[in-house]
Structure formats: structure tokens, C-alpha cells
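K.L.:
Next up is a structure, given as C-alpha cells.
Computed from the coordinates by the stated procedures, all read-outs in this text should not be read as laboratory data. Since the structure is predicted, the reported quantities are computational estimates derived from the model, not experimental observations. With ideal geometry, Cβ positions are generated from the backbone for all residues, glycine too; neighbour counts draw on all protein chains shown.
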Amino acid sequence: MKKQIILLLIVAMLGGSAMAQNTRHKRESASDTTVRARVRVDREPREFLILSHRHLELFEGGEAVQLSIRATGDLSTNGLTWISKNPNIVSVDAQGLAKPLRMGHSVIQAKAADGTLSAPCEVTVIRPNEWGNTNGNESLVVQGDWIYFANKADEGRLYRVNINGEGLERLSVDEPRSLNATGRWLYYVNQNEGTGQGMVRISIDGDNRVQLTQNSIIRYLRVYKDGTAWYLENSNEVYSLATQSRSALKRKLFDESKPIWSIQANNEYVFYNRNWEDIEQPQGGGGLFVHCMWQNKTENYLSVNRNTRQFIQHPSRNTVYFCIYKVDLVNPGTLLDIFSKSESQPSGWFRLVLSDDEPADQLRQEAMRKVASSGSSGSQPSAQDLWMEKMGHVKKFPLSEEDQIHFISGAWIYYSRGNEFRKIHDDGKSDQSLFTLSRDYPGEVYPGNGQIFRWADGKTIVRTQMDGRQELRIDVSPRTRE
């Protein structure tokens, strides 16, 4: 009896082991089948619609963008329809042309005749930069959430990166200078001989590159949102160029007899100084000249023998800041300009205002009262009267020769004193220290999207708020490209 029980236990154990092994083999076999099936499914052709864009940035009042679609498998694009979830923000026609109407967000999809939908294209409509840059000589500009720049970490090639540090992308092997970004277009002076030196226009995606000028020497370039470019060519010739017209109309505004040292332009005026004779001044250019475009007339405010530095203009007003140096070699008594009657030789920073905004109107009225009380007679104003009237547009600003203004944003003047970066209110008060500049790139500081961007070293852009706080370091080394 005991032998029978033992035999039954052995049989049961062997049977259980066999069943367990069989079950394990079945599970492993099922698992293998699942993996193999997953691989096979991934390799089999699938039917879907592929949009040309997954993300699209458009600009209020700007150009429409053509979307394209392709189908895989047996799907057909015949009878295709286009859908915009917010057609009052972005409309899309039967051919896939997306047109921005007002600022906001929308989603565009294509729909096949059988109801198959494409992946969504996220569309954002923002306001374009009114001007492509601030001072006409930038190598970094910001529009919306994107930084466009000449990448020091890649031999100065054209790149873009999101202001949050993501999406680093090389747009072109061009080497841009005087970079502009407005709407869907970038404009710049290309310094790469291999790709064609001169003025270039390219889309913000790096497509549709157009060479606007060939082998031209351009030292200043500033572009308005309608595509009109103002630039300085061959050191003394100032032009405007309608870049968006079919024939790219070029018009010479004027040329100077001597090389121009510094220039600023907007829709109404060109402000500039120039070399003294054919030789540069000790620390910059000389004089202050203003060319009025609609009058086609140039007036001088300062003698060319009065040493002046690079000009900085307000981004939205007819206002320019300039610095005067004392030059011991020049007898101030021989200079005929707005400071001819000054008791002491002027130096430091001044502001010239040609709009009707304060404080220009107040200063103009004060100057005219001085002219009226000067006792000049006759119907024609004297030369001194004219200088006095011009003086009404100029006001001393409390910065010295050692200070350097970089840009103006709103009511604040951003400047450096040594390697310390500061801001001062345009009323001359509330002077504040913000941060320390890089010793290697002290002049590489730029405004954009209500923030400040600067180079910290050859591979790092630093973003801060306008008060210098909330620092974010963005690594733009090519190895970090996605």
C-alpha cells in the first residue's frame, strides 16, 4: 500500500512539473509572438496623411504660408479638405494656404475623403518686430520666442534657438552681420565668401534664400516690417531697398564727401557723423548730421571737428543719443555749431529729439523765446538764430564720456560703465546696476521680447529679465543640436 502511495506521488510530481514546463513554454511562446507581432506591425505599411508642418509661426498682418500634404498606403489626397479650429485667427483655403488674421492660436488639419485626419499643425500668430533690429549692427536679434544669431560656437554661422534654450538649429552656413528679424524673414549682411557676400534675405525656417546684393560692402543694415531696408554701402553711400518688390527697387538717399563713421536710420531721418577729412577722429567720428528723407535735405548740428561717438537711437521715436569728447587739438572758439556760444567745451552724452514729444517741444519753445529776446531784426533769421533753434532740440544727459549706451527700451537707457551693465531712466534719475558683462564680449548685449540677452562666453547666451534677474544660461554648442 505504501509503495502504491509513493508511486502515485511520484507520478503526480512528474506530471505537475511537466505541466508547469508546458505552461512556461506556452507563456514564453506567447511572449515571443507578441514581440514578433509588434515588430511586424511596425514594419507593415500604414495609411495616414503627413503634413508639411507640425508647428507654424505666423505674423499679424503678414504673409500666408502654403501647407502641403502627402498620403501613404492606399490613401488618396483627392477630395481632401482643410480645417482650422479657429478660422477667425488663421484661415486655410481649399489648397492649404494658411493666412494669419489676428493674434492667437489655432490648429490646422487635413482630412481625407474617408475621414482620415492628419496629425495637427499647431499655429501661433504673433505681432512681428516693427524693426528688424535696434541699432543696425546686431549679430543677435529676438522675435517672439526665438533667438536668431551668429553662433560663436560654430564659426559665426546662422542659428536659432528658443528663448527657453530648446530647439537649437543651424539655419544656414552664412555668417550674418547686421542681422534683422521681422515677420517671416531674416535679413543680414553675409560675410561668408563661399556662399556669396552681400545682403541676404532668408525665411525664419532657413528656406527661400535670396541674394539681394552681390559682393557689396555694407556696414549698417536696418529693415522695417514692410521689407524696406536702409543701409550704408561703400563707407559713404546711403540707400533704401524695397526688398519685397519684384524688382527689389534700390534708391540712393544721399552720399557724403567723406567716410561715414556711425549712422542710424528710421522711416523719417538718417542721423550720422563722419570722418574729419579722410582720417578717423581719435575716438570716433565728427559732427552730427541729420538727413530728412521727405525734404531730401541734410542739416548739421555739430561741427565735423567736434569729436562724436557711435549714435544710439530710440526704437520708436525720432530721438538719438550721442556722446561728445573733448579734443584738445581743436580750438572750440573756431567751431560754428549749436555749442558755439557755450562757456565751456561740451562733453558726455546728449539727446537730440526731433518729434513733438516731451521734452523736445518744451526745449523748442524755450529756444525760440531766447531767439525772440535776442533782438535780431529783419525778416530773415540770422545764422545764430538758426543755431539757437536747433539747440532747442538738444538736451544734456547725465552720462559721461566713459559710459557707453547699448540700447534703449521704453523709458530706460541701458548702458555700461567699465564691465558693469546698468540702466537709467530717461529723466536722468533712478540709475541701477544690473549685472557684470563678459570680459571677452562686453559689447554683446541685446534686447528682445521684454528681456536681455548677452554672450557670457563663446558657447553660452545668458537670458535675464530687464531688471537683470532670473538668469537662464543657454548652451549653443553645435553638439547640443536636436
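K.L.:
Could you give the length gained by full extension between N215 and I50, i.e. 0.36 nm per residue of separation minus their alpha carbon distance, to one decimal place?
P.N.:
Using 0.36 nm per residue and subtracting the Cα-Cα distance, I get 55.3 nm.
K.L.:
Over the C-alpha atoms of segment 129-202, what are the Rg and the largest Cα-to-Cα span, Dmax, in Å?
P.N.:
When restricted to the Cα atoms of segment 129-202, Rg and Dmax are 11.3, 33 Å.
K.L.:
Suppose R0 equals 22 Å; then what is the FRET efficiency for S203 and S316 from their Cβ-Cβ distance, rounded to the nearest 0.05?
P.N.:
0.25
K.L.:
If you place +1 on the Cβ of every Lys and Arg, -1 on the Cβ of every Asp and Glu, and leave all else neutral, what size is the dipole of segment 49-126 about its Cα centre, to the nearest 20 Debye?
P.N.:
Here the size comes out at about 80 debye.
K.L.:
Can you tell me which of 103-111, 307-315 comes out highest on packing, and rank the rest after it, using the mean Cβ neighbours within 10 Å?
P.N.:
Result, highest mean first: 307-315, 103-111.
K.L.:
Assuming R0 = 35 Å, what is the FRET efficiency of Q95 and D226, from their Cβ-Cβ distance, to the nearest 0.05?
P.N.:
Computed FRET efficiency for Q95 and D226: 0.85.
K.L.:
Using the eigenvalues of the Cα gyration tensor, what equivalent ellipsoid semi-axes result for segment 428-482 when each is taken as the square root of five times the eigenvalue, whole Å, largest first?
P.N.:
They are 24, 13, 9 Å, listed largest first.
K.L.:
Further, regarding this structure: How large is log10 of I(q)/I(0) for segment 49-126 at q = 0.26 Å⁻¹ when the intensity is taken from the Debye formula with one equal scatterer per alpha-carbon?
P.N.:
-1.18
K.L.:
Using R₀ = 51 Å, calculate the FRET efficiency as 1/(1 + (r/R₀)^6) where r is the Cβ-Cβ separation of R473 and K341; round to 0.05.
P.N.:
0.45
K.L.:
For each of S400, S340, count neighbouring Cβ atoms within 10 Å of the residue's Cβ, then give the residues from fewest to most.
P.N.:
S400, S340
K.L.:
Choose one of Q197, V270, S257: the residue whose Cα lies farthest towards the positive end of the charge dipole of segment 131-287 (beta-carbon charges +1 Lys, Arg; -1 Asp, Glu; about the Cα centre).
P.N.:
Result: V270.
K.L.:
What are the ³J(HN,Hα) values, in whole Hz, obtained from phi via the Karplus relation 6.51 cos²θ - 1.76 cosθ + 1.60 with θ = phi - 60°, for each residue of segment 291-305 in sequence order, with x given for Gly and Pro?
P.N.:
Those phi angles translate into 9, 8, 5, 6, 9, 6, 9, 10, 10, 10, 9, 10, 4, 5, 7 Hz.
K.L.:
Residue by residue through segment 181-186, what is 3J(HN,Hα) from phi via Karplus (6.51 cos²θ - 1.76 cosθ + 1.60, θ = phi - 60°)? Round to whole Hz and write x for glycine and proline.
P.N.:
Per residue, the Karplus-derived 3J(HN,Hα) values read 9, 8, x, 8, 10, 10 Hz.
K.L.:
Can you tell me the Rg and the Dmax, both Å, for the Cα atoms in segment 83-223?
P.N.:
17.5, 57
K.L.:
Separate question: Please list the non-local residues whose amide H lies under 5 Å from the amide H of G392, H modeled 1.01 Å from N, same-chain partners needing a gap of 5 or more.
P.N.:
none
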